[in-house]
Amino acid sequence: MAEHPAYPVGLRLTGRRVVVLGGGQVAQRRLPALIAAGADVRLVSPEATPSVEAMADAGEITWERRGYADGDLADAWYALIATSDTEANERASAEAERHRVWCVRSDDADRATAWTPATGHSEGVTVAVLTTDAKGRDPRHTAAVRDAVVEGLRDGTLVAPHHRTRTAGVALVGGGPGDPDLITVRGRRLLAEADVVIADRLGPRDLLAELPPHVEVIDAAKIPYGRFMAQEAINNALIEHAKQGKSVVRLKGGDPYVFGRGMEEFQALAEAGIPCTVVPGISSSISVPGAAGIPVTHRGVAHEFTVVSGHVAPDDERSLVDWPSLAKLTGTLVVLMGVDKIGRIAETLIAHGKSPDTPVALVQEGTTAAQRRVDATLATVADTVVAQEVRPPAVIVIGEVVAVGRPGTA
């Protein structure tokens, strides 16, 4: 049999008996897929790993706590033999042959009548990779091929265009803090499928260079405003392109709903009857401090962190931030869009009880090749920003966690 390649096929196991012999690590890896396929799984094994036992306790499988006995495979459609008892494996394999039950053997692929492929999933597609013969089986190679194909489908680097009619609409995609590798898999795939991309200045710009030539890329900062406010003009651009039957991605920095006006755009699209998908992104409020070695929480130091916008000063009547209350908190304060207002922010926090010696870190262009970290205290931060020429975009972290993550400190 080894002289011929295996014949690939997809088994429809819903409601059909599958017998698994052995409750160890092999069964633990294989059972979830059999359960997901809707199989009637019968496990025969005197022992099982805690994870397999939990599947039995949840009623996902039927577990008979004993060793293999002749006749166990009589009603099976498919069998997985994975015990440590070679003699039992041989007897079970012979029974499978007699009853014409396709049988996988974890201990001896040469004596099996079926092989388990390395499988992965992406958007309704199952990728299954089989080696060509038992003699040359290399599980690591087949797994690597599987991973490469699935990753390519997910991130759009392996182009597999849909030939069915796509529904026009808009995806609000959080691009993450700046490093193109920190966008979600789903966000990257939607970018690869887009007809139009309307991008923010703070979105991961390197991703735009990877888009196919036919994709129209629009800089949101350069949309003509005319009689419209900037946000209204962006909303209109999203609606107009979607109404032309195009797949539109609104690429935003960080997360669409963390100071990204994502809900304003979602509401405008809903009012226009445009379908909209929201893809969360990694917020710079957490990722940028982490990239600079600062944990926003740390055992024994900070049990909370608060994220606020600093785009208006504390004494500005438009401010919705309760700065006096923030000064009384003992946790971490993360300020976004606050570089030019940090002097007044620091003064306000100190005036309401925050120690002037509270550590402060400013992380400019976090997660990118241009990232830099500047340290100060509440008392010195205003002068430090000027002296060090700190410029937006920068995330400001205020609290004792700054000292935890400071180079040269424990």
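Given the conditions (1) over 19 Å from residue 182 (Cα atoms); (2) aliphatic (A, V, I, L, M); (3) without any contact (Cβ under 8 Å) to a residue 24 or more places away in the chain, report the number of the one that residue 242 does not fulfil.
Condition not satisfied by residue 242: (3).
Restricting attention to the stretch 42-55, report how many residues are surrounded by 19 or more Cβ atoms within 10 Å (Cβ to Cβ) and closer than 15 Å to residue 21 by Cβ.
6
Can you tell me which residue within the stretch 226-250, out of those that are surrounded by 14 or more Cβ atoms within 10 Å (Cβ to Cβ) and among the basic types (Lys, Arg), is nearest to the chain's Cα centre (by Cα)?
Per the criteria, the residue is 250.
Test of understanding: among 39, 27, 92, which residue is in contact with a helix residue (DSSP H, G or I) (Cβ under 6 Å, 6 or more places away or on another chain), under 22 Å from residue 117 (Cβ atoms) and crowded, with 16+ Cβ neighbours inside 10 Å?
27
For (1) touching a strand residue (DSSP E or B) at 6+ places or on another chain (Cβ under 9 Å); (2) closer than 30 Å to residue 145 by Cα, each residue gets a yes or a no:
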site	(1), (2)
41	yes, yes
50	no, no
66	yes, no
77	yes, yes
96	yes, no
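With respect to residue 309, determine if the residue is touching a Ser or Thr at 6+ places or on another chain (Cβ under 7 Å) and not charged (D, E, K, R).
No: the conditions fail for residue 309.
Tell me, which helices (runs of 4 or more DSSP H) lie completely within the stretch 204-309 with 3 or more residues that are at pLDDT 95 or above and within 27 Å of residue 322 (Cβ to Cβ)?
The helices (runs of 4 or more DSSP H) meeting that bar are 262-271, 284-291.
Scan the stretch 56-91 for residues that are of a type in the set (Ser, Thr, Tyr), farther than 27 Å from residue 126 by Cβ and either in a loop (DSSP other than H, G, I, E, B) or within 34 Å of the chain's Cα centre (by Cα) (or both) and jot them down.
Selection gives 68, 83, 84.
Just name the residue that is nearest to residue 67 (Cα to Cα) out of those in the stretch 14-24 that are surrounded by fewer than 23 Cβ atoms within 10 Å (Cβ to Cβ) and not hydroxyl-bearing (Ser, Thr, Tyr).
24
Can you name every residue in the stretch 297-310 that is farther than 18 Å from residue 403 by Cβ and surrounded by fewer than 17 Cβ atoms within 10 Å (Cβ to Cβ)?
Correct list: 309 only.
One line per residue, one yes/no per condition, for (1) within 18 Å of residue 258 (Cβ to Cβ); (2) touching a helix residue (DSSP H, G or I) at 6+ places or on another chain (Cβ under 7 Å); (3) modelled with pLDDT of 95 or more; (4) among the basic types (Lys, Arg):
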{"residue": "336", "(1), (2), (3), (4)": "yes, yes, yes, no"}
{"residue": "339", "(1), (2), (3), (4)": "yes, yes, yes, no"}
{"residue": "353", "(1), (2), (3), (4)": "no, yes, yes, no"}
{"residue": "383", "(1), (2), (3), (4)": "no, no, yes, no"}
{"residue": "390", "(1), (2), (3), (4)": "no, yes, yes, no"}
{"residue": "396", "(1), (2), (3), (4)": "yes, yes, yes, no"}
{"residue": "400", "(1), (2), (3), (4)": "no, no, yes, no"}
{"residue": "405", "(1), (2), (3), (4)": "no, no, no, no"}
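To keep it simple, each residue is scored yes or no on (1) assigned by TED's automatic domain parsing to the domain that holds residue 93; (2) over 17 Å from residue 106 (Cα atoms); (3) in a loop (DSSP other than H, G, I, E, B).
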{"residue": "7", "(1), (2), (3)": "yes, yes, yes"}
{"residue": "11", "(1), (2), (3)": "yes, yes, yes"}
{"residue": "18", "(1), (2), (3)": "yes, no, no"}
{"residue": "26", "(1), (2), (3)": "yes, no, no"}
{"residue": "33", "(1), (2), (3)": "yes, no, no"}
{"residue": "41", "(1), (2), (3)": "yes, yes, no"}
{"residue": "51", "(1), (2), (3)": "yes, yes, no"}
{"residue": "54", "(1), (2), (3)": "yes, yes, no"}
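Considering only residues that are touching a Pro at 6+ places or on another chain (Cβ under 9 Å) and crowded, with 19+ Cβ neighbours inside 10 Å, which ones fall in the stretch 259-284?
Result: 262, 265, 266, 269, 279, 281, 282, 283, 284.
May I ask you to list the residues in the stretch 212-238 that are over 28 Å from residue 394 (Cβ atoms), touching a strand residue (DSSP E or B) at 6+ places or on another chain (Cβ under 8 Å) and not charged (D, E, K, R)?
If the condition is that a residue be over 28 Å from residue 394 (Cβ atoms), touching a strand residue (DSSP E or B) at 6+ places or on another chain (Cβ under 8 Å) and not charged (D, E, K, R), then 215, 237, 238 are the ones that fit.
Restricting to the stretch 16-33, what's the tally of residues that are in contact (Cβ under 8 Å) with a residue 40 or more places away in the chain and under 26 Å from the mean Cα position of the chain (by Cα)?
2
The values are calculated or read from the model by the stated rules, or taken from the named source; none is laboratory data. For clarity, every value in this text was computed on a predicted model and none was experimentally measured. Positions of Cβ are generated from backbone atoms using ideal geometry, with glycine treated the same way; all protein chains shown enter the neighbour counts.
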